[in-house]
1. How about the range 1-42: which of its residues are under 19 Å from Arg53 (Cα atoms) and either touching a Pro at 6+ places or on another chain (Cβ under 7 Å) or free of Cβ contacts under 8 Å to residues at least 24 places away in the same chain (or both)?
2. Is it fair to say Ala68 is within 20 Å of His9 (Cβ to Cβ), surrounded by 15 or more Cβ atoms within 10 Å (Cβ to Cβ) and of a type in the set (Gly, Ala, Ser)?
3. Would you tally the residues in the range 63-83 being part of a strand (DSSP E or B), modelled with pLDDT of 90 or more and not small (Gly, Ala, Ser)?
Amino acid sequence: MAAIFTKYHGPGAIHGSRVSATCEGTKVVVSFDDAKSTFHNHIEAMRKCAARRRMSGTFVADDAPGGALVWVRIRPGDTHEAP
């Protein structure tokens, strides 16, 4: 099962704020859209990375080290609640 990691990157000298998504060597960077919530910006980056990897389905997110989010795909009938 492949996981997608998303992380916020603040503005720099050249680029504005952005969110990156990485999965097994694939990296996607999207500009931060101030009209959306932080979480929805992470969703956008995750969806673009998943599309590039031809991954589809339902994804759930959880906190990862360093302020990132980790996204995993769940199968129909799975629950995301801890046992």
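The values are calculated or read from the model by the stated rules, or taken from the named source; none is laboratory data. Everything numeric here is computed off the predicted structure, so don't read it as measured data. All Cβ positions, glycine included, derive from the backbone under ideal geometry; neighbour counts span all protein chains shown.
1. Gly25, Lys27, Val29, Val30, listed by residue number.
2. Values: within 20 Å of His9 (Cβ to Cβ): yes; surrounded by 15 or more Cβ atoms within 10 Å (Cβ to Cβ): yes; of a type in the set (Gly, Ala, Ser): yes.
In short, yes.
3. 6
One line per residue, one yes/no per condition, for (1) part of a strand (DSSP E or B); (2) under 13 Å from the mean Cα position of the chain (by Cα); (3) modelled with pLDDT of 95 or more; (4) acidic (Asp, Glu):
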| residue | (1), (2), (3), (4) |
| --- | --- |
| Tyr8 | yes, yes, yes, no |
| Asp33 | no, no, yes, yes |
| His42 | no, yes, yes, no |
| Arg47 | no, yes, yes, no |
